[in-house]
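Below is one structure; the comments refer to it alone.
Throughout, read-outs are computed from the coordinates displayed, never taken from laboratory work. These numbers come from a predicted model, not from an experiment. Counting neighbours? That spans all protein chains shown, and the Cβs are built from the backbone with ideal geometry, glycine included.
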Amino acid sequence: MSSIQIFPAIDMRGGKCVRLFKGDYAKETVYADSPFEMAKSFAEAGASYVHMVDLDGAKDGKRAHADEVIRVAKELPLKVQIGGGIRSEEDVRYYLENGVDRVIIGSLAIREPELVKGFIKEFGSERIVIGLDAKDGMVATHGWIETSDQSAIEVGKVFAEAGAKYFIFTDIATDGTLAGPNIEANLLLAQATGAHIIVSGGISALEDIAKVKKASQSSTVSGVIIGKALYAGRFTLQEALKEAE
């Protein structure tokens, strides 16, 4: 059995490490004062990747935590993927030229698909990840404040045809709820695109990681993002990494 990639998550707001409930900025829990120290603890636990989200950036449409992200990328033995507030080619270039491994494009993929297709061509399909955050199957944008009229499957197909190799699929209804992931929706996206799908939202127990791993055996599902479950102490990162092997 092949292993899946574990991405421990660091959501940043106001310089701190936080989690939101279903993407609601009014329902925030602060877990740590330093995103860097949190990333360092993930590296020490054996992680090879870290998933960072600039929540202020996602809401305000500009980079707000770039210094913290780049510090992690440059000073720790972790590959970094960053999302939130990436609205221009300059933003993408800034991160990729400063040691970040992958950049996640969400709202911009909906608003300016041609521009984002250009990013895939210019920077390569290994470095541009399309983030599809869905409410009832429809893609939500701008820090999940707005919902578009396009389905995750439709958008996924468009970008897969343009060469995208990685998608992060977040089911907003499960994010930060510890209610279990929406495996079915991830499998449908994998089937429609043939791309690597990274599962995000709702992971609450080691069994959920086992479910994602099982899904990966018969599909292109290839990884899972874990946030609140780690912070809430449902299991350790070491246990998650072992489960994913």
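Worth a mention:
- When restricted to residues that are in a helix (DSSP H, G or I) and either of a type in the set (Lys, Arg) or out of contact with any Ser or Thr (no Cβ under 9 Å at 6 or more places or on another chain) (or both), region 58-68 contains 4.
- Residues satisfying the criterion are absent from region 106-115 (criterion: more than 25 Å from Ile153 (Cα to Cα), of a type outside the set (Phe, Trp, Tyr) and surrounded by 23 or more Cβ atoms within 10 Å (Cβ to Cβ)).
- Check on Gly180, outside any strand (DSSP E or B), more than 16 Å from the chain's Cα centre (by Cα) and at positive phi: yes
- Number of the condition not met by Asp133 [criteria: (1) in contact with a Ser or Thr (Cβ under 7 Å, 6 or more places away or on another chain); (2) farther than 16 Å from Leu188 by Cα]: (2)
- Within the span defined as region 148-164, every residue fails to be touching a residue at least 60 places away in the same chain (Cβ under 8 Å) and among the aromatic types (Phe, Trp, Tyr).
- Scanning region 69-111 for residues that are among the aliphatic types (A, V, I, L, M) and in a loop (DSSP other than H, G, I, E, B) turns up Leu76, Leu78, Ile86, Val100.
- Residue, nearest to Pro181 (Cα to Cα), within region 136-147, restricted to residues that are of a type outside the set (Asp, Glu) and surrounded by fewer than 18 Cβ atoms within 10 Å (Cβ to Cβ): Gly137
- Matching helices (runs of 4 or more DSSP H) fully within region 190-245 where at least 3 residues are touching a Gly at 6+ places or on another chain (Cβ under 9 Å): 206-217, 237-244
- Within region 50-75, the set of residues being buried (at least 19 other Cβ atoms within 10 Å of the Cβ) and either within 15 Å of the chain's Cα centre (by Cα) or on the phi > 0 side of the Ramachandran plot (or both) comprises Val50, His51, Met52, Val53, Asp54, Leu55, Gly57, Ala58, Val69.
- Failed item in (1) within 18 Å of Glu243 (Cα to Cα); (2) under 18 Å from the mean Cα position of the chain (by Cα); (3) surrounded by fewer than 19 Cβ atoms within 10 Å (Cβ to Cβ), with Ser216 passing the rest: (3)
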